[in-house]
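Structure first, then comments.
The values are calculated or read from the model by the stated rules, or taken from the named source; none is laboratory data. The structure displayed is predicted, hence computed values, not measured ones. Every residue, glycine as well, gets a Cβ built from its backbone with ideal geometry; the counts of neighbours run over all protein chains shown. Note: areas computed on protein heavy atoms with side chains; ligands, DNA, RNA excluded. Shrake-Rupley method; radii C 1.70, N 1.55, O 1.52, S 1.80 Å.
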Amino acid sequence: MQLFLKALRNGSAALILAGLLGTASLASAAANTNKPAPAPRQAPAARPAARPAGGGASHGPTGGGASHGPTTGGASTHGPTTGGASTHGPTTGGATTHGPTTGGATTHGPTTGGATTHGPTTGGATTQTHGPTTGGATTHGATTGGTHTTTTGGGTTGGTHTTTTGGGTTGGAHNTTTGGAHTTGGGTAGAHPGGAGAGTHGPAGASHSSIKSGSAPKGSNEHVTKSGSAVRTRPGGKVSDVHDSKRGMDTHHNLGGGRRVSVERHDGSRVVGERGRRGYVERGYSYHGHDFGRRSYFYHGHEYNRFYRGYGFRGLMLNVYAPGSYYGAGFYGWAYNPWAAPIAFGWGWGGNPWYGYYGGYFQPYAVYPSAAFWLTDYIISQDLQAAYAAHQEAGEEAGTPVAAGGQPALTPEVKQMIADEVKNQLALESQEATQNAANQDVDPGSSGIARLLSDGRPHVFVAGGNLDVTDASGQECVVSDGDTLQMQTAPPSDATTANLVVLSSKGKPECQISLTVQIQLTDLQEMQNHMRETIDQGLKDLQDKQGTGGLPAAPASAQAPPAAAQYAAAAPPPEANLAADIQQTDQQSDQSEKEVQAEAPQDSGAPAGAAAAAPAAPASIGLGQTTDQVQSALGAPARIANLGPKVIYYYNGMKVTFKDGKVSDVQ
């Protein structure tokens, strides 16, 4: 406890986390004084570290060869093994964390070395890295005339291009855009070859799109109307996207058969609806001079809130997850460190249709040596339940089921990588909890993907919904709930996309395993948000159920209820008509699509690059203009902060401030 108080006074992340471990370990030791101490395991000589009291190695029952999970630092913990040779996940520094396996040949993940952010840890130093904020995206004027763009070459131009108040373009026809990569005819502009770490960035001169849904696949066509609306079709003519400039509405039809609708409303809020899936209303607000957003979600009759911190990164505006509440140090220590002995847990999924349907994809662990492995199964199970529900309720394709009986498509090695990432997130949240308790603002650059792109380590992401992506040839495929991807190396410092390798998928039309796909950084941030949100949901279940169903009892220091984050208390009041607003948005999309498609010209078969014949005039934004005039010139903003008499429209690389409904500042 003296160590923890000293850490709070000195502001040392390493001492804070060591104090958290000491708190959890001492409490656990006090609760288990009659149990024999587990045998210690020597840490690797290259990274000597003293273990706190009660933090020795934990060994499960052994029936065969050793089983090793990914290493994230701290003392060695072994899960049970039932046979077979060793299986090793990626080693990232520190001592070894071991998860349960059932055998198989030895498999070694990549060893990268070097620790980054460590949570309640039993060894190794704490290093915190922050991603830089770069900003400065290429700016382009808005398009006011009808334009037809055909994508004939694989890939995207990359880069994030935004409308600005002055300056012409060097070539191509530029449409108002609020995010994502933009398509151009005839190949890839500014793409970085060379594997999974490449991203895309593009110079001025490419043709840009009004469509917000990311990279257009090879062979797609786009028609832009005189009003600024747009329709994109896939090869073969099926509509993939509709942008309605009049309503501020964007509709995307994904490869899995789902439909997502997003609309920017005049009061500054945003409504997102997706058939068979959760929808939400987002409202911006300010706390301590920082931009925050509260999303009120509605799913299967339940309402709940999530919070996000706005963060400018590489010319993009990212929404970084901010927990609505934080637990005490004792709970994070209990969740992060190995339990006294591996436990078996009955999930009760046996009679559920989703579990049988995905039986060839996912199998839960037989036992759990720590909360990280329990949370891994929790995350995947939540995602697969959502995917199955969307399949049943909205007719989405659920992927070709993998035959049960053999090794699941989501292999033990991949699950161990997820567990390693879970531990990283637990470490991060523990550090944030300490900052919140000390009334310090949490840095979104350390909490979001900016940190993941700068720590020099591979990272695993779990898809939390349907996302259409493209490979290096421009071919399109989809990743969906529960699919896992790995960013093996970070993209270049000016890239707004990253290349990830598919580690597991559930069959067509989903992306094949080992395929490298390109993902927008905004979508990558949402993937990380999804993991953290689901971990927090699982932590609540874990605390509520501790001591029951096979879960170990948490020490007294880990049983205190979570404390609300201060920025959450400052959020706008709950939505009065949440479910009705989401349903209305979905219904309005039907009419929106009909009107825009009727307005858009039919495919004229124009050659790739035909849009470059008529450069667009730059948009003009001036003081005193209304919100409608700005949206007419620039299109719907990427994000809106409604601060009472002051409203801020965020475009990529640009911020327009209104006071009493009129432009008062442009940055």
Determine the gain in length on full extension of the stretch residue 441-residue 594; use 0.36 nm per residue of separation and subtract their C-alpha separation, reporting nm with one decimal.
-> 50.4 nm
Within segment 333-351: backbone nitrogen closer than 16 Å to the residue 541 label point (7 Å, Cα to C-beta) | 344-351
For residue 241, distant residues with modelled amide H under 5 Å away | 232, 253
Env charge @ residue 215, Cβ radius under 13 Å, K,R +1 / D,E -1, value -2
Length gain on complete extension for the stretch residue 508 to residue 347, per 0.36 nm per residue less the alpha carbon to alpha carbon distance?
-> 55.1 nm
Label points 7 Å out from Cα along the Cβ direction at residue 620 and residue 570: separation in nm?
-> 3.9 nm
Ignoring ligands, DNA and RNA, what accessible area per residue does segment 286-385 give at 1.4 Å, in Å²?
-> 30 Å²
Taking amide hydrogens as modeled 1.01 Å from N in the peptide plane, which residues meet the under 5 Å criterion relative to residue 504, leaving out close sequence neighbours?
-> 484
Exceeding the 27 Å Cα-Cα cut-off - candidates 415/540; 415/545; 540/646; 218/594 = 540/646
Take the eigenvalues of the Cα gyration tensor for segment 263-352, scale each by 5, and report the square roots as semi-axes in whole Å, largest first.
-> 33, 22, 12
Other-chain or far-sequence residues with amide H under 5 Å of residue 322's (modelled H) | 307, 308, 309
Under a Cβ-Cβ cut-off of 14 Å, what is the net charge of the residues other than residue 361 that fall near it, where Lys and Arg count +1 and Asp and Glu count -1?
-> -2
Label-point gap, in nm, between residue 407 and residue 325 - each point 7 angstrom along Cα→Cβ = 4.2 nm
Once Lys and Arg get +1 and Asp and Glu get -1 on their Cβ, which of 456, 371, 408 lies farthest toward the positive end of the dipole of segment 325-484?
-> 371
